[in-house]
1. For V14, indicate whether it is β-branched (V, I, T) and either touching a Phe, Trp or Tyr at 6+ places or on another chain (Cβ under 7 Å) or at pLDDT below 95 (or both).
2. What number of residues within region 9-38 satisfy the criterion of being touching a strand residue (DSSP E or B) at 6+ places or on another chain (Cβ under 7 Å) and of a type in the set (D, E, K, R)?
3. From the list R51, R64, which residue is basic (K, R) and in contact with a strand residue (DSSP E or B) (Cβ under 7 Å, 6 or more places away or on another chain)?
4. On the basis of being under 23 Å from A247 (Cβ atoms) and acidic (D, E), does D171 make the cut?
5. With the requirement that a residue be open to solvent by less than 10 Å² (accessible area, probe 1.4 Å) and in a helix (DSSP H, G or I), what does region 134-154 give you?
6. Select, from A258, A247, A271, the only residue that is closer than 23 Å to V188 by Cα and either surrounded by fewer than 21 Cβ atoms within 10 Å (Cβ to Cβ) or aliphatic (A, V, I, L, M) (or both).
7. Look at region 155-177 and say how many of its residues are part of a helix (DSSP H, G or I) and open to solvent by less than 10 Å² (accessible area, probe 1.4 Å).
8. Yes or no: region 208-215 includes at least one residue that is at pLDDT 90 or above and of a type in the set (D, E).
Amino acid sequence: MLSVGIVIPTYNSVATVTAAIESALAQDPAPAQVVVVDDGSTDDTADALRRFAGRVEYVKQANRGPAAARNVGLARLATDTVVFLDADDLLLSDALACRGQLLTRADAVWAHTDGWLEAEPGVRRPFSTLYRPVDGRVEGWIFTGLLRRNFITTDAVIARRDVVSGLGGFDETIRGTEDWELWLRLAVRHPVAYSSKPTFVYRARPRTLSADRARMDRMRHLTLVTAHRLFPADVRDAGVPARRSVADAYNGLGRALAGEGQWREATAYFAASLRLWPLQGGAWLRWLRGRAAAVSGT
């Protein structure tokens, strides 16, 4: 049986993190390790977690963001596999048993499951009904579908620890969509296994990062642009809808830069968009305007 380590990043989540930890410790089979990384909380998190001493490893660091916190926890693990659980959320009692079974194939590297989305206390809907893959593919080679939409939340995944570590873990320059960026790096290399059995509860409360729509849009665009820069041939071969999705991301970053008066940089993004998908009049107009602004210095 594969050993499992669970990493729980937390930041000022004293109201929810103890329930998250309890859901991790209640697993059967039990996790080999549970690491809680306190990302610079200023509330009573440290005091609330004292009762878990000896059962979880508690690490406190200066605030660096959830990606960095998960990476710190990942580095502490010595297990075969890793599960990430956000401090607001819960694992259902047989989550590790279900997910471990998905990785029993010799070539299985990562897997995900369905779960419940709880928009308000006691009201739950299947996560998969709200976050569907555009192309309908939830398992196997899903890179193309992920280029169009992320449909996998952090709580849903189990992965081989050495593979995630070998990829460098989460990109700490991305905040809010860092899980999607990691899934893309996994998906381009490895097929994913899937179970429709719910194994988690995603509690969709107002969250600072996801509530900032402009910032989230920028991170979403950066995620797709990063995927293209890392895997240009795979994006090129992913088909027209996927290429258009990435082209739109370049346009989004270009528009943001143009809005800040950084026309030279914006023009480079518009040009990259057009190379991926030339048949878009708006991008050509923005590219021409950017060229003119860059030349005139305005």
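1. no
2. Number of matching residues: 1.
3. R64
4. yes
5. Of everything in region 134-154, those that are open to solvent by less than 10 Å² (accessible area, probe 1.4 Å) and in a helix (DSSP H, G or I) turn out to be G145, L146, T154.
6. Exactly one of A258, A247, A271 is closer than 23 Å to V188 by Cα and either surrounded by fewer than 21 Cβ atoms within 10 Å (Cβ to Cβ) or aliphatic (A, V, I, L, M) (or both), namely A247.
7. 3
8. No, the conditions are met nowhere in region 208-215.
The values are calculated or read from the model by the stated rules, or taken from the named source; none is laboratory data. Source: prediction; values computed, not measured. No Cβ is skipped: glycine too gets one built from the backbone with ideal geometry, and neighbour counts run over all protein chains shown. Ligands, DNA and RNA are stripped out before the accessible areas are found, and what is left, the full protein with its side chains, is counted by its heavy atoms. Shrake-Rupley method; radii C 1.70, N 1.55, O 1.52, S 1.80 Å.
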